[in-house]
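Bear in mind that the values in this text are calculations on the coordinates, not laboratory data. The model shown is predicted, which means the values in this text are computed figures rather than measured ones. As a convention, Cβ positions derive from the backbone with ideal geometry for all residues, glycine included, and neighbour counts pool all protein chains shown.
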Amino acid sequence: MTDTPVPVAILFAEGFGVRGPWSSVDSLARELGEHIVYNDIGQRCVTRDHARHMFAERAQQQERQRQRRAESAAADHEHRRAETSAQRARLASLAAQQREQGGGLVRAPEDVR
């Protein structure tokens with residue numbers, strides 16, 4: 001493997017420094033600041049080691065986000081399961097009340113009407 005520096009434009013194309021429609025290669029170059037080096041044709045670049053670090057850091061961040069989404073989805077699933085259990089218990093209670101009244105409709109208490 002060579003020590004050829006990685007152009008900032010390539011990193012931008014890979015999604016680094018993209019914050020919105022106003023983002024540019026220039027804004028990424030400003031973010032990278034002291035890490036900027038120039039290749040033999042004058043392109044703004046970073047060392048391969050720094051680029052490798054950027055990709056590894058992004059991969060770790062994406063993994064943390066994936067874990068948070070999975071934990072959130074599991075919590076949502078548990079919440080829905082608990083709500084469903086509560087609804088089933090309420091329906092079972094209503095069904096029992098109906099059976100006690102001979103299968104008719106459950107009447108609301110007088111003070112609720």
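Compute the FRET efficiency between Ala73 and Val18 as 1/(1 + (r/R0)^6), taking r as their Cβ-Cβ distance and R0 = 35 Å, and round to the nearest 0.05.
0.85
Using alpha carbons only, how many degrees (0 to 90, rounded to 10) separate the axis of helix 48-100 from the longest principal axis of the chain?
Once rounded, the angle reads 0 degrees.
Taking the Cα-to-Cβ direction at Thr47 and at Arg80 and moving 7 Å from each Cα, how far apart do the two end points lie in nm?
4.9
What FRET efficiency, computed as 1/(1 + (r/R0)^6) with R0 = 41 Å and r the Cβ-Cβ distance, is obtained for Glu57 and Gln98, rounded to the nearest 0.05?
My answer for the efficiency is 0.10.
Using alpha-carbon positions, what is the distance between the centroids of region 78-93 and region 12-68, in Å?
So the two Cα centres are separated by 49 Å.
Report, in cubic angstrom per residue, the convex hull volume of the C-alpha atoms of the chain.
203
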